[in-house]
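The values are calculated or read from the model by the stated rules, or taken from the named source; none is laboratory data. A quick note: this is a predicted structure, and the numbers were derived from the prediction, not measured. Quick reminder, even Gly has a Cβ in these numbers, built from the backbone with ideal geometry, and neighbours come from all protein chains shown. Calculation scope for accessible area: heavy atoms of the full protein, side chains included, ligands and nucleic acids excluded. Shrake-Rupley method; radii C 1.70, N 1.55, O 1.52, S 1.80 Å.
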Amino acid sequence: MERIKRTFKKLTIKKSFALLILLFLLLDIFLCLATAGLLQLLPGKYYALSSPLIVCLYSALCLVSAACLFYKCKLEEPVRLIKEAAARIGRQDLDFRLSYDSNDEMGELCRSVESMRLALEDNYHLLWSQAEEKKRINAAFAHDMRTPLTIIKGYLEFQELSAGSLSPKDLQKQAAVMKKHLARMENYIEAMNSLATPDGIRAIPSLIRPRKLEEDLFRTASMLCERLHKSFVPESQLPGSPLSADPEIISRVLDNILSNAAAHASCTVTLRLSLKQGALLAEVSDDGPGFSTAALEKGCDPFFTEARDNGHQGLGLYTSRLLCLAHHGSLTLANNPEGGARVAASFLLFQDPKAPQKAGD
């Protein structure tokens, strides 16, 4: 019996309905014939009157029974599940799973609703993470803006209290300091505007020739190191077959990491390119002092920097991490056992081998 139920549950709605109609039609015919044999025992006039009524009654009963059984077996459970899912989604309660084990149209509909729920759940988590990230950025921005504002406010109050007693030279010095902090505030505002723009945050895959990618990245790294009088060591284990990725995101991330490595290296910067678990892995190492404990913990946070006097806004690694995430990868900071810093950026390769190739690739 259970086997029959499972087999019937896997039939399509059209086949199930046709099968039930056929079965109950045969039942209707059998009942009509059986009842007709019994009615022949009645007098002729009663038989003539009751025979059409019996046929209509049996046909109506069989039709209603087929419809009820069809709804009970094929529609009741998936309709109930979909209604419950719609109600929970309407309440923004996405912590459930819609499961209906059937290969018919209702099973496909339930799977479509489950796919919609998963998409809504992913979108909800994305919006939540974006909101949390925005709160962190705003908090960091407010924290870093507080210092120049306090300094400018202090100088203005000092000038107000010392009106007429300050020499032109002192006024010039204070004006220069305030100008410096105003420029710092302008840089922060520009940095915030750059974070607010969506440009470059979406990965657009194209077919990349590994040798061309190596050539571009190694040339950039060599120029950055040469400008700062550092040595560059290229290493690559990339295959010869084309890779589907976004070369612009990869270049932006590596330009940033290589600039930092060249600035902090004592003598040498190394760039290693390889493939690992379906992702392009780029590791940049230097022989400098390495990351501090605070940098290892917060180096990818917005506005974190230990070199503000050099004009750094603390957005380089943060932006690089965002770009890696946009490419479904990651950015990790570490120190080499032999000394020096190591930054590993991964970029998940896309599976579409027919991705449109960008100009210049």
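Highest mean packing first, where packing is the average number of other Cβ atoms within 10 Å per residue, the peptides 248-254, 68-74 line up as 248-254, 68-74. If the segment from Leu25 to Ala86 were pulled out straight at 0.36 nm per residue, it would be longer than the present Cα-Cα gap by 18.3 nm. Using a cut-off of 18 Å between Cα atoms, the listed pairs Lys15/Lys72; Lys153/Lys179; Lys153/Lys180; Lys14/Lys83; Lys14/Lys72; Lys15/Lys74 include Lys14/Lys83 as exceeding that distance. A full extension of the chain between Glu215 and Glu105 corresponds to an added length of 34.3 nm, given 0.36 nm per residue minus the alpha carbon distance.
What the phi angles of the stretch 57-64 give under the Karplus curve with 6.51, -1.76 and 1.60, with θ = phi - 60°, is a coupling list of 5, 5, 5, 5, 5, 5, 5, 5 Hz, glycine and proline written as x.
What is the sum of charges around Leu171, taking Lys and Arg as +1, Asp and Glu as -1, for the other residues whose C-beta is under 14 Å from the C-beta of Leu171? Computed value for this residue: +1. Ranking of Cys62, Cys56 by solvent-accessible surface, largest first: Cys56, Cys62 (1.4 Å probe, protein heavy atoms only, all chains present).
In a reduced charge model with +1 at each Lys and Arg Cβ and -1 at each Asp and Glu Cβ, the stretch 208-341 shows a dipole moment near 280 debye about its Cα centre. Ranking Asp28, Asp101, Asp301 by solvent-accessible area of protein heavy atoms (1.4 Å probe, all protein chains present), from largest to smallest, gives Asp101, Asp301, Asp28.
Ordered by solvent-accessible area of protein heavy atoms (1.4 Å probe), largest first, the residues Tyr155, Tyr124 come out as Tyr124, Tyr155. Amide hydrogen proximity for Ile208: with H placed 1.01 Å from N in the peptide plane, the residues at 5 or more positions away or on another chain lying under 5 Å are Leu243, Ser244, Ala245.
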